[in-house]
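The values are calculated or read from the model by the stated rules, or taken from the named source; none is laboratory data. Since we're looking at a predicted model, the values are computed, not measured. Methodologically, a virtual Cβ is constructed for each residue, glycine included, from the backbone with ideal geometry; neighbour enumeration extends over all protein chains shown.
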Amino acid sequence: MSKVLYVHAKGGPPAGYALTRVAARAAVHLLALSELPAGVAAVAGRRCASVVTVPDTGAGDLVDLITGRAREVGADAVVTFSEYAVVAVAEASRRLGLRGAGPAAALARDKRLMRAAWERRGISQPRFRSVTSLAELERAAQQLSFPLLLKAAWSAGSTAHQVIEAPDEVRGAWERSRAVMAESALLGFAELHVAGAGEDFIVEEIVSGCAEEWFEGSGWGDYVSVEGVVTGGVFRPVCLSGRMPTVAPFTERAGITPAAVGARAQAEIVELARRSVDALGLEDCGTHTEIKLGADGRMWVIETAARFGGAMTVPQIEEVFGLDLIGMFTDQLLGGLPDWPARALTPSDAEGAAGSLVVLAVHGDGTPWRRRHRWDSAAVVRSAPVGAGSTLSVVRESSLPDGAPVPVYDPAAGANTMAGLCLLSADRPEAVIHDFTALVDALPRILPTDVTEEVRA
């Protein structure tokens, strides 16, 4: 039986979900670079041939650690689904002579390299500048047009995003973004391979989206993600996922599979994603490419990644399209020839729809809740105002323990302030949008009030 070294770190699809699907294809040796979520440790003990936990690994030793462990267990492939370990696993696989994202993996991780590669190919994207100091940010602000968005080059989940409306906000945004990156590193949400990655940023102009011209129905956000895979250097699109409008500044609230766009629009979006992925020179990896949709058919690539989409994107695809992307990708790394879709799948190919909602302490209009609440997964499932044909569940691995205080939403911290993650199945994408809109409005009434704390500004 083939052997796979599974490198676990924060982020990506739920670890329990991914682990069981890799284990169905090969003997799994787990290398955990961060603590396993509650409940996953027991699964790992049953499904893995070995489990080694190495917390607080020094960045300079990580590739050697992965390479050494892979040799010890005789791994035929090394896999990770975490944004923060993608570059290290790609380099380790290259040293071992195994399939992986390849030497260009950093271009799909470091937003500065990514944007520069696209700029060389003339690919549509927001105007940007790379910055590593306050002085560089101040100079960039003089060259670009406000409003601007400051984002960490190695971040994920909208962490450390800061909108800058005017020159007098530059210093405050810089200080806040750097502080959030330091806080995120303490929580384990930081690049594991590159020392000092928290000091690298880009600043870009904010382009105007226009969801109404792209989507069938209302309630959609103005960007999509193209989910796909690269096999032997060839990009293969799988499907599109849509979004609800983000919470300021740009924190994702919900992802929906499939995205309810027309066939012509989907073809244009997929072609831009193809050009963007091809420009990076990846070899064998999942891909997740985000594209902003504007008026009159305009589009801008925001970013791509050399891994599958995080949160529940992959489970949603399996539910709706019947594709086990993780299992198929494991086969790919092991030298197999999975039956990837010949084209990007559309809503007409789907069996129903699925979506995931990040629970944040903000109303539908983005204003914060007036009172503090405590998380209660059973209350959410029991009282959620969803349609008769919809089914709602809570992803416990990605949610706070019941009874924990719901964090106050911090625009700079993004998804780091989430309380829970909900999964919804429905008969069509528009039903997911409708049910999630109703649920967002109802959450402050459903969740018990925390009488011990006041809401702080």
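Would you confirm whether or not the stretch 59-75 contains a residue that is of a type outside the set (Asp, Glu), within 19 Å of Leu325 (Cβ to Cβ) and touching a residue at least 12 places away in the same chain (Cβ under 8 Å)?
No - not one qualifying residue is present in the stretch 59-75.
So, of the residues in the stretch 380-426 that are under 22 Å from the mean Cα position of the chain (by Cα) and of a type in the set (Val, Ile, Thr), which turns out to be nearest to Glu183 (Cα to Cα)?
Across the stretch 380-426, the extreme among qualifying residues is Thr417.
I'm told Val270 meets every condition in (1) closer than 20 Å to Val358 by Cβ; (2) among the hydrophobic types (A, V, I, L, M, F, W, C); (3) over 13 Å from the mean Cα position of the chain (by Cα) except one. Can you identify the failing condition by its number?
Unmet condition: (1).
Per-residue answers, yes or no, for (1) closer than 26 Å to Ala108 by Cβ; (2) of a type in the set (Asp, Glu); (3) touching a strand residue (DSSP E or B) at 6+ places or on another chain (Cβ under 9 Å):
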{"site": "Tyr6", "(1), (2), (3)": "yes, no, yes"}
{"site": "Gly12", "(1), (2), (3)": "yes, no, no"}
{"site": "Ala23", "(1), (2), (3)": "no, no, yes"}
{"site": "Ala26", "(1), (2), (3)": "yes, no, yes"}
{"site": "Thr53", "(1), (2), (3)": "no, no, yes"}
{"site": "Ala75", "(1), (2), (3)": "yes, no, yes"}
{"site": "Val79", "(1), (2), (3)": "yes, no, yes"}
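Filter the stretch 390-405 for residues that are outside any loop (DSSP other than H, G, I, E, B) and either among the aromatic types (Phe, Trp, Tyr) or buried (at least 19 other Cβ atoms within 10 Å of the Cβ) (or both) and give the result.
First pass over the stretch 390-405, keeping only residues outside any loop (DSSP other than H, G, I, E, B): 391-394, 396-398, 405.
Correct list: Leu392, Val394, Ser398.
Just need a number here: residues in the stretch 435-450 that are farther than 12 Å from Ala254 by Cα and either surrounded by fewer than 20 Cβ atoms within 10 Å (Cβ to Cβ) or among the basic types (Lys, Arg) (or both).
Quick first cut of the stretch 435-450, residues farther than 12 Å from Ala254 by Cα only: 438, 441-450.
Pick out the ones that are also either surrounded by fewer than 20 Cβ atoms within 10 Å (Cβ to Cβ) or among the basic types (Lys, Arg) (or both) and you get 438, 441-442, 444-446, 448-450.
Residues that pass the stated criteria total 9.
If you check every pair at least six apart or on different chains, which have Cβ atoms under 9 Å apart with a residue in the stretch 332-354 that is in contact (Cβ under 8 Å) with a residue 24 or more places away in the chain first and a residue that is surrounded by fewer than 17 Cβ atoms within 10 Å (Cβ to Cβ) and of a type in the set (Asp, Glu) second?
As it stands, the answer is Pro341/Asp349; Pro347/Glu216; Gly352/Asp427; Ala353/Asp427, since those pairs meet every condition given.
Consider the stretch 101-117. How many of its residues are at negative phi and not in a helix (DSSP H, G or I)?
Of all residues in the stretch 101-117, those at negative phi come to 101, 103-117.
Cutting the leftovers down to not in a helix (DSSP H, G or I) gives us 101, 103-104, 109-110.
Final tally of qualifying residues: 5.
Residues being in a strand (DSSP E or B) and over 21 Å from the mean Cα position of the chain (by Cα): count how many of those fall in the stretch 31-48. Reasoning before the result, please.
Narrowing the stretch 31-48 to residues in a strand (DSSP E or B): 31-32, 48.
Restricting the remaining residues to those that are over 21 Å from the mean Cα position of the chain (by Cα) gives 31, 48.
Summing the residues that are in a strand (DSSP E or B) and over 21 Å from the mean Cα position of the chain (by Cα) in the stretch 31-48 gives 2.
Confirm whether Met328 is hydrophobic (A, V, I, L, M, F, W, C) and either in contact with a Gly (Cβ under 8 Å, 6 or more places away or on another chain) or over 30 Å from Val4 (Cα atoms) (or both).
Details: hydrophobic (A, V, I, L, M, F, W, C): yes; either in contact with a Gly (Cβ under 8 Å, 6 or more places away or on another chain) or over 30 Å from Val4 (Cα atoms) (or both): no.
Here the answer is no, as Met328 does not meet what is asked.
Give just the number: which of (1) modelled with pLDDT of 95 or more; (2) out of contact with any His (no Cβ under 7 Å at 6 or more places or on another chain); (3) not in a helix (DSSP H, G or I) does Gly68 not satisfy?
(3)
Would you be able to say whether some residue in the stretch 119-127 is closer than 16 Å to Val170 by Cβ and either part of a helix (DSSP H, G or I) or modelled with pLDDT of 95 or more (or both)?
First, the residues of the stretch 119-127 that are closer than 16 Å to Val170 by Cβ: none.
Checked the stretch 119-127: no residue is closer than 16 Å to Val170 by Cβ and either part of a helix (DSSP H, G or I) or modelled with pLDDT of 95 or more (or both).
What number of residues within the stretch 49-83 satisfy the criterion of being crowded, with 18+ Cβ neighbours inside 10 Å and more than 24 Å from Gly102 (Cα to Cα)?
Selection size over the stretch 49-83: 0.
For the structure I just gave you, tell me whether Leu345 is among the hydrophobic types (A, V, I, L, M, F, W, C) and part of a loop (DSSP other than H, G, I, E, B).
Details: among the hydrophobic types (A, V, I, L, M, F, W, C): yes; part of a loop (DSSP other than H, G, I, E, B): yes.
The answer is yes for Leu345.
Quick check on the stretch 22-47: of everything there that is modelled with pLDDT of 95 or more and touching a Gly at 6+ places or on another chain (Cβ under 8 Å), which residue is surrounded by the most Cβ atoms within 10 Å (Cβ to Cβ)?
Val22
Out of the residues in the stretch 269-307 that are part of a strand (DSSP E or B) and among the aliphatic types (A, V, I, L, M), state the one that is surrounded by the most Cβ atoms within 10 Å (Cβ to Cβ).
Filtering the stretch 269-307 down to residues part of a strand (DSSP E or B) leaves 285-293, 299-305.
Pick out the ones that are also among the aliphatic types (A, V, I, L, M) and you get 291, 293, 299, 301-302, 305.
Numbers: Ile291: 23, Leu293: 27, Met299: 23, Val301: 23, Ile302: 21, Ala305: 23.
Here the residue is Leu293.
Given the options Ala388, Ala404, Ala438, name the one that is more than 30 Å from Ser155 (Cα to Cα), among the small types (Gly, Ala, Ser) and touching a residue at least 24 places away in the same chain (Cβ under 8 Å).
Details: Ala388 fails: touching a residue at least 24 places away in the same chain (Cβ under 8 Å); Ala404 fails: more than 30 Å from Ser155 (Cα to Cα).
Sole residue among the options that is more than 30 Å from Ser155 (Cα to Cα), among the small types (Gly, Ala, Ser) and touching a residue at least 24 places away in the same chain (Cβ under 8 Å): Ala438.
Could you grab the pairs with beta carbons closer than 8 Å, sequence gap of 6+ or different chains, first residue in the stretch 219-240 and free of Cβ contacts under 8 Å to residues at least 40 places away in the same chain, second one hydrophobic (A, V, I, L, M, F, W, C)?
Gly221/Ala211; Gly221/Met244
Name the residue that is farthest from Pro249 (Cα to Cα), counting only residues in the stretch 367-395 that are touching a Ser or Thr at 6+ places or on another chain (Cβ under 8 Å) and small (Gly, Ala, Ser).
The selected residue is Ser390.
Could you say whether any residue in the stretch 7-15 is part of a strand (DSSP E or B), modelled with pLDDT of 95 or more and buried (at least 20 other Cβ atoms within 10 Å of the Cβ)? Break it down stepwise before answering.
So the first thing to find is which residues in the stretch 7-15 are part of a strand (DSSP E or B), and the list is 7-8.
Pick out the ones that are also modelled with pLDDT of 95 or more and you get 7-8.
In the following step, the residues that additionally are buried (at least 20 other Cβ atoms within 10 Å of the Cβ) were identified as 7-8.
Checked against the condition, which is being part of a strand (DSSP E or B), modelled with pLDDT of 95 or more and buried (at least 20 other Cβ atoms within 10 Å of the Cβ), the stretch 7-15 yields at least one hit.
Which residue pairs have Cβ atoms under 7 Å apart, sit 6 or more places apart or on different chains, and have a first residue in the stretch 270-297 that is within 20 Å of Ala259 (Cα to Cα) and a second that is surrounded by 18 or more Cβ atoms within 10 Å (Cβ to Cβ) and among the acidic types (Asp, Glu)?
Final answer for the pair search is His288/Glu227; Glu290/Glu303; Lys292/Asp222; Leu293/Asp222.
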